[in-house]
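Below: the structure, in structure tokens.
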Amino acid sequence: MIFEGAVHKFGRDVDTDVIIPARYLNTTDPAELASHCMEDIDAGFVARVRPGDIVVAGENFGCGSSREHAPVAIRAAGVSCVVAASFARIFYRNAINTGLPIVICPAAVAGAQAGDRLRVDLATGVVTDLTRDTTYQADAFPAFMRELIAQGGLLPYVKARLDEAAAQ
């Protein structure tokens with residue numbers, strides 16, 4: 001799986017309250033969540049983000065509450081993946097479970113600037129800043145995690161596996 005898009009850069013400790021403010025947690029509709037994604041940290045984010053774009057952030061991305069709404073909002077806004085120096089542990093699991101690819105690559109975070117074009121290859125872990133002609137190495141995603149992401153998250157992945165088993 002390869003993702004390519006423009007960088008939207010954020011700092012460290014971006015918490016789930018600014019990813020999707022608590023006042024919008026009365027819905028689980030991805031489109032509604034997407035319309036408010038990042039509005040408390042970057043009011044113009046939703047207007048600027050294009051399908052396939054990539055969020056790049058510092059340490060501890062997704063800290064705060066354990067709401068699954070945060071990665072759902074990011075993904076539904078059109079972001080293809082998030083590259084960060086590190087992720088809050090619960091956000092990491094929620095992102096994978098909801099089908100949002102995330103990559104830990106501090107060097108790419110240090111080098112990339114807002115507006116750069118990034119290419120992220122989950123199979124190899126290679127993050128390329130196409131604007132700056134620079135390549136960084138992150139850990140590759142294991143095959144089963146790439147399949148889980150390709151299926152759209154944990155629930156679709158499990159359903160597909162169950163359907164496959166039932167067909168045998």
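The values are calculated or read from the model by the stated rules, or taken from the named source; none is laboratory data. Quantities reported herein were computed from a predicted structural model and do not represent experimental measurements. Because the Cβ atoms are built from the backbone with ideal geometry, glycine has one as well, and the counts that use them run over all protein chains shown.
Key figures
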| item | result |
| --- | --- |
| VAL14 vs. criteria at pLDDT 95 or above and either touching a helix residue (DSSP H, G or I) at 6+ places or on another chain (Cβ under 9 Å) or hydroxyl-bearing (Ser, Thr, Tyr) (or both) | no |
| Test result for ALA110, in a loop (DSSP other than H, G, I, E, B), exposed (fewer than 15 other Cβ atoms within 10 Å of the Cβ) and not hydroxyl-bearing (Ser, Thr, Tyr) | no |
| Test result for ARG67, among the basic types (Lys, Arg) and within 24 Å of ASP139 (Cβ to Cβ) | no |
| Filtered residue count, segment 115-128, keeping only those that are surrounded by 12 or more Cβ atoms within 10 Å (Cβ to Cβ) and in a loop (DSSP other than H, G, I, E, B) | 5 |
| Leading residue by the ranking (farthest from VAL109 (Cα to Cα)) among those in segment 30-62 that are crowded, with 19+ Cβ neighbours inside 10 Å and among the β-branched types (Val, Ile, Thr) | VAL49 |
| Residue check for THR131: at pLDDT 95 or above, assigned to a loop (DSSP other than H, G, I, E, B) and of a type in the set (Ser, Thr, Tyr) | yes |
| Any hit, segment 66-89, residues being assigned to a loop (DSSP other than H, G, I, E, B), buried (at least 22 other Cβ atoms within 10 Å of the Cβ), among the β-branched types (Val, Ile, Thr) and at pLDDT 95 or above | yes |
| Number of positions in segment 91-107 that are in a loop (DSSP other than H, G, I, E, B) and of a type in the set (A, V, I, L, M, F, W, C) | 2 |
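Residue-wise test of (1) within 30 Å of ASP133 (Cα to Cα); (2) out of contact with any Lys or Arg (no Cβ under 6 Å at 6 or more places or on another chain); (3) aromatic (Phe, Trp, Tyr); (4) not in a loop (DSSP other than H, G, I, E, B).
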residue	(1), (2), (3), (4)
THR28	no, yes, no, no
GLU32	no, yes, no, yes
ASP40	no, yes, no, no
ARG50	yes, yes, no, no
